[in-house]
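Student: Just passing along the structure, written as structure tokens.
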There are 2 protein chains.
Amino acid sequence: TLASPALAQEYPKITWKMTSSFPKSLDTIYGGAEDIAAHVSDATNGNFTIQVYEAGEIVPAAQAADAVSAGTVDAAHTCSYYFADKDPTYAIGTTLPFGLNARLTNAWFYQGNGNKLMNEFYATQGMLGLPAGNTGAQMGGWFRKEINTLDDLKGLKMRIAGLAGKVMQKIGVAPLQDIAANDVYGALDKGTVDAVEWVGPYDDLKLGLQKIAKFYYYPGWWEGGALVHAFFNLEKWSGLPKNYQAILTGACAFANTNMLAKYDVKNPQALKDIVQQGVTLRPFSQEIMEACFQAANGLYADLSKSNDSFKRIYADQVAYKKDAYLWMQLSEYTFDTFMMIQQRAGKL
Amino acid sequence: TLASPALAQEYPKITWKMTSSFPKSLDTIYGGAEDIAAHVSDATNGNFTIQVYEAGEIVPAAQAADAVSAGTVDAAHTCSYYFADKDPTYAIGTTLPFGLNARLTNAWFYQGNGNKLMNEFYATQGMLGLPAGNTGAQMGGWFRKEINTLDDLKGLKMRIAGLAGKVMQKIGVAPLQDIAANDVYGALDKGTVDAVEWVGPYDDLKLGLQKIAKFYYYPGWWEGGALVHAFFNLEKWSGLPKNYQAILTGACAFANTNMLAKYDVKNPQALKDIVQQGVTLRPFSQEIMEACFQAANGLYADLSKSNDSFKRIYADQVAYKKDAYLWMQLSEYTFDTFMMIQQRAGKL
């Protein structure tokens, strides 16, 4: 009987609250929090349970980090870049314009310095963060008119999140950042904005954007691979038994891969539906891509001057980025290219 | 005190043996099994431990599946396609020539029918399988002379694994499949083979292949994203408490992502080292790629005639593949392309 008190200590009954920054209706991105909760419960026979709340149910989407820091909730499932106004370092946690794609984001977080450096920063905010989802490269958004030149973008009002809004501003766009999922359709419909970026085909189709805007642009150069984080109140995380920390780590790794898999399975059919509804797919022109790339680099230079943690973490990511895209253009890129050519030729 | 016997049942002391099909020296691919063992131990406070053995220590690499089926070991960390001679359906579990890349492999396994269908097959072999690692797109291998045309490949003796050997045979190559990691260098050095494919820069550099063969080709069209499996003896898996099954699932998900991250962080520097040692990088010519693609499709048509489980699972994967590469060529591909152009221009 000596063993039983030890066992009870190792597997205590704990119930946590996790606020999501997403509505339940977006099963892909909201589903990540549900994956985490299900895994943690399964792995502990229900001793450790996490109750998931959708955005606004107990905490508004944009206050998720504050609520975790303050311990109002134990955890959040959210995008770090939603909090870039508090400190631009938050933006690096999700993705930067012209940053890493989903796969290279994982590489930097799991085996590069990403997770270590970002957690040094999150610790200053009273939090610990773990990768817990990714959308892949997002689409470049919905435009009511065709956009070919930089002039076409001048004065355009666009709903766009994170630092991307600041980049867009540098080339003359008027960005609006804080339009939540449920208000995006209305804003575009009423003309509060002329263009909207949200995620990609599957999520966008649910918002009904294809009914109002007939041009759907790519790529979403500001979100080449948007990481979704699980944030934990640092004190509560530190108070967990080590085995519960390990189980949460496994849960987040599973949620991370599973979310991207969901997008990659659901997006193709959604894309076909969108095209069937009369939407035109358009790549951003080279002129626009290059101007945005330069504007982004200018922004990073400015931020590095004024913010030490941004400077240090950004420099580490860029060092990896140079190497990563060197390697990816050999086998990965030539393999994918060949397969896409066969796809277009109807030979797969 | 009523709770304690229940707790002891839920967290029983179990020790399992897992045989790896890889040598310890390949920390990337061998490391996947170590990741699984570490996570399972951490998540159960050492109550569930997995002892990992390198290839040949208790089971030869090529007999890992048989040992799991027979229950000689509880688990293996291996590539399903090593066992394609038993049944070609095994090949689909890892990757097929001109199959899915690493990311789309995850999509098919986690959210498509991949895991479900492959486990219906593995159940007939007395096993359950979980994705537990990926190498990404491999390189096309080391050649002692330049290969430009199909004629250059005629009669060439090549170490090449899985169904790829059968594809190569169709275009005149003499494939040798069963040369293990430790014998690859010697076989190329002595001229037993004229060419060798192994994995990619980091692993290949360890084998020293750059000292003998001066042409390093890409892409490894036969391994656009090679999945590494954890196999579990089906009876032993079914006998585990549900929470241990969940913990193993989390462990494998972590190992899956972490292995690819290791490759993506370690390969760039290894590639630079290889080039500095005087190796020439070469893409396979369009002529060779297309002939191999046709030969592969011919092989799949043959196998589908003679093997029902291959036919059924292959058809499901192809249906997904058509959709997947349709979607991937929009945002993902154009984003990656733009970033690679900036990389080559030295602008990242």
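Student: With every protein chain kept in the model, how would you rank A:Tyr81, B:Tyr333, A:Tyr185 by accessible area, 1.4 Å probe, largest at the top?
Tutor: My answer, sorted largest first, is A:Tyr185, B:Tyr333, A:Tyr81.
Student: Place +1 on the Cβ of every Lys and Arg and -1 on the Cβ of every Asp and Glu in the protein assembly as shown, take the dipole about the Cα centre, and give the residue among B:Gly225, B:Ala213, B:Asn106 whose Cα lies farthest towards its positive end.
Tutor: B:Ala213
Student: Anyone know which of A:Gln269, A:Gln317, A:Gln177 comes out most mobile in the 10 Å Cα GNM of chain A?
Tutor: Per the Cα network of chain A with a 10 Å cutoff, A:Gln269 tops the list.
Student: Before I look further, what does chain A give for accessible area per residue, probe 1.4 Å, in whole square angstrom?
Tutor: Spelled out: the 1.4 Å probe surface of chain A, per residue, equals 34 Å².
Student: Something else now. Grab the other residues whose beta carbon is less than 12 angstrom from that of B:Ser285, score K and R as +1, D and E as -1, and report the net.
Tutor: After counting each charged neighbour, the total is -4.
Student: Ok, one more. Which length gain, in nm to one decimal place, applies between A:Ser304 and A:Lys272 when the Cα-Cα distance is subtracted from 0.36 nm times their residue separation?
Tutor: Full extension of this stretch gives 7.3 nm more.
Student: Follow-up question, since we're still on this one. For A:Leu281, which inter-copy label distances result when the label point lies 7 Å beyond Cα on the Cα-to-Cβ vector, reported in nm to one decimal and in ascending order?
Tutor: 2.8
Student: Here's something else I'd like to know. Along the charge dipole of the range B:242-345, pointing to its positive end and built from +1/-1 on Cβ of Lys, Arg, Asp and Glu, which listed residue (B:Thr334, B:Leu248, B:Leu260) has its Cα farthest out?
Tutor: B:Leu248
Student: Still on this structure, please answer the following. Taking amide H atoms as placed 1.01 Å from N in the peptide plane, list the residues 5 or more away in sequence, or in a different chain, whose amide H sits under 5 Å from that of A:Lys17.
Tutor: A:Gln51, A:Asp74, A:Ala75
Student: Using a Gaussian network model of chain A with C-alpha springs under 10 Å, which one of A:Pro175, A:Pro268, A:Pro201 is most mobile by mean-square fluctuation?
Tutor: A:Pro268
Student: Explain nothing, just the number: dipole magnitude of the protein assembly as shown about its Cα centre with +1 on each Lys and Arg Cβ and -1 on each Asp and Glu Cβ, in debye rounded to the nearest 20.
Tutor: Once rounded to the nearest 20, the dipole reads 740 debye.
Student: Could you work out how far the C-alpha centroid of the range B:286-336 sits from that of the range A:316-348, in angstrom?
Tutor: When both Cα centres are located, 17 Å separates them.
Student: Amide H of A:Val173 versus every other amide H placed in the peptide plane: which residues, excluding those fewer than 5 positions away on the same chain, fall under 5 Å?
Tutor: Result for A:Val173 returns A:Gly155.
Student: Just add up the charged neighbours of A:Gly298: K/R +1, D/E -1, any other residue whose Cβ is under 14 Å from the Cβ of A:Gly298.
Tutor: +2
Student: Can you list the distances in nanometres, one decimal and ascending, from the B:Lys86 label point to the identical position in each other copy, with the point 7 Å along Cα to Cβ?
Tutor: Here the equivalent label points are 5.2 nm apart from this one.
Student: About the Cα centre of chain B, how large is the charge dipole given +1 on each Lys and Arg Cβ and -1 on each Asp and Glu Cβ? Please answer in debye to the nearest 20.
Tutor: Around 400 debye, computed over chain B.
Student: Averaged across B:98-111, how many Cβ atoms of other chains sit within 10 Å of each residue's Cβ atom?
Tutor: Counting Cβ atoms of other protein chains within 10 Å of each residue's Cβ and averaging gives 6.
Student: Please check the range B:281-300 for residues whose accessible area, probe 1.4 Å, is lower by 50 Å² or more when all protein chains are in place than in their chain alone.
Tutor: B:Phe293
Student: Next up: Whenever you get a sec, compute what percent of the accessible area on the range A:111-253 sits on carbon and sulfur atoms (1.4 Å probe).
Tutor: On the range A:111-253, the fraction of accessible area on carbon and sulfur atoms equals 50 percent.
Student: For the range B:89-146 and the range B:24-54, write down the distance between their C-alpha centroids in whole Å.
Tutor: 21
Student: May I ask for the accessible area buried between chains B and A, both sides summed, probe 1.4 Å, to the nearest 100 Å²?
Tutor: 7800
Student: What order do A:Ser21, B:Ser41, B:Ser306 take when sorted by accessible area (1.4 Å probe), most exposed first?
Tutor: Putting A:Ser21, B:Ser41, B:Ser306 in descending order of accessible area: B:Ser306, B:Ser41, A:Ser21.
Student: While we're looking at this one, here's another question. Give me the net charge for the shell around B:Ala315: Cβ to Cβ below 12 angstrom, other residues only, Lys and Arg +1, Asp and Glu -1.
Tutor: +2
Student: Are any of the pairs A:Lys322/B:Lys262; A:Lys322/B:Lys166; A:Lys166/A:Lys321; A:Lys262/B:Lys262 more than 28 Å apart by Cα-Cα distance, and if so, which?
Tutor: Too far apart for the 28 Å limit: A:Lys322/B:Lys166.
Student: Moving to a separate point now. Which of A:Gln125, A:Gln210, A:Gln277 ends up with the largest GNM mean-square fluctuation for chain A, with Cα atoms connected below 10 Å?
Tutor: Comparing A:Gln125, A:Gln210, A:Gln277 in the GNM, the peak value goes to A:Gln277.
The values are calculated or read from the model by the stated rules, or taken from the named source; none is laboratory data. Only a predicted model underlies this, so the values are computations on that prediction, with no experimental measurement involved. Positions of Cβ are generated from backbone atoms using ideal geometry, with glycine treated the same way; all protein chains shown enter the neighbour counts. For accessibility, only protein heavy atoms count, side chains too; no ligands or nucleic acids. Shrake-Rupley method; radii C 1.70, N 1.55, O 1.52, S 1.80 Å.
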